[in-house]
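Every number here is computed from the coordinates shown, using simple stated rules; none is lab data. These figures come from a predicted structure and were not determined experimentally. All Cβ positions, even for glycine, are placed from backbone atoms using ideal geometry, and neighbour counts span all protein chains on display.
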Amino acid sequence: MKKLLSFVLFIGLGIGFYGCEEEEKDETPGSPTKVTIPKIETSISSNHTDYNARALKSSVESLNYMSGMFMNFYEGFEGYKWVKNGNLYTYQETYGDESFKYTVLDNGSTYTVKFYLTGNMGEFNLTNGLMFEGTYTKDGKSGSWKVYDFVNAQTSFVDVSYEWNTSTAGVLTSLMKMWDNASDLIPDSYDVVINSNKSGTAVFKVDGVKSWSALWNQNGSGEETYFNSAGEIISTVSWGPNP
């Protein structure tokens, strides 16, 4: 997770820096279409009197940042001078020996986005190192992405992945996975389901073993359950409906 936060910070700084540097550029017609990602929202009121209910609401709804991560990144460059070659859009900036490249491939009903870095990463140099990639539908209802962590200039592994999908019944499912290192075969995971009435469930697993789960109802009432490493219930807390 620390690596993810570092990546997010880098992206944020990059948008701010390049945004200031390039704000005079003219808009370019035909840039990749902006999409709207479904919002993750629980039925739990923000002024619920129970702390556990409010904490659960914050935890679940924080996934909005994950689902919109690469879209927020893209929107930082919306209107810039993309280079279009067939159905591939490319935006690239070079500063001395360092550069980044951002590509968007139009697949018809979906977009595939990739982010590359070239330059000195401290212990090694990267040349078009793939740091991030994702695919999402143009209606924004489903998608997935991966963030890579480089061990050296030749080897990388998936650090964090995220995927979401909206069913025809309006059920939104989201799944985040986090790997500790290149040899980690069983990632930690956070699985959330939001029903059309904003009730839902959430499960967090450590190395594939459930450590916490929660459910909440349409009226905001719900409960959380905690498990030990053997999968046995340690404790359960519950709360009533919204005030």
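Modelled this way, with points 7 Å down the Cα-to-C-beta line, the labels at residue 234 and residue 184 are 1.9 nm from one another.
Loop-located GluC sites (Glu not before Pro) in segment 188-243 (DSSP state other than H, G, I, E, B) with a sparse environment of at most 15 neighbouring Cβ atoms within 10 Å: 232.
Among the GluC sites (Glu not before Pro) in segment 119-208, those placed in a DSSP loop whose Cβ has at most 16 other Cβ atoms within 10 Å are 123. For segment 31-146, the C-alpha radius of gyration sits at 1.34 times the compact-globule guess of 2.2 N^0.38 Å, with N the residue count. If R0 is taken as 35 Å, the Cβ-Cβ distance between residue 123 and residue 88 corresponds to a FRET efficiency of 0.65.
For residue 48, the shell of other residues with beta-carbons less than 10 Å away shows a net charge of +1, using +1 for Lys and Arg and -1 for Asp and Glu. With a simple spin-label model that places each label point 7 Å from the Cα along the Cα-to-Cβ direction, the separation between residue 210 and residue 97 comes to 5.3 nm.
Over all other residues within a Cβ to Cβ distance under 12 Å of residue 144, the charged ones net out to 0, with Lys and Arg as +1 and Asp and Glu as -1. So which of 34/141; 34/177; 177/210; 101/138; 81/101 end up more than 19 Å apart, counting from Cα to Cα? Beyond 19 Å: 34/177; 101/138.
Annotation for segment 110-179: chymotrypsin sites (Phe, Trp or Tyr not before Pro) lying in DSSP loop with at most 16 further Cβ atoms inside 10 Å of their Cβ are 124.
Note on residue 219/residue 139: beta-carbon distance plugged into 1/(1 + (r/R0)^6) with R0 of 30 Å gives a FRET efficiency of 0.50.
Based on the Cβ-Cβ distance from residue 107 to residue 55, what FRET efficiency comes out when R0 is 45 Å, to the nearest 0.05? E between residue 107 and residue 55, to the nearest 0.05, is 0.70. With q set to 0.12, 0.13, 0.16 Å⁻¹, the log10 of I(q)/I(0) for segment 86-243, from the Debye formula over equal scatterers at the Cα positions, is -0.73, -0.82, -1.02.
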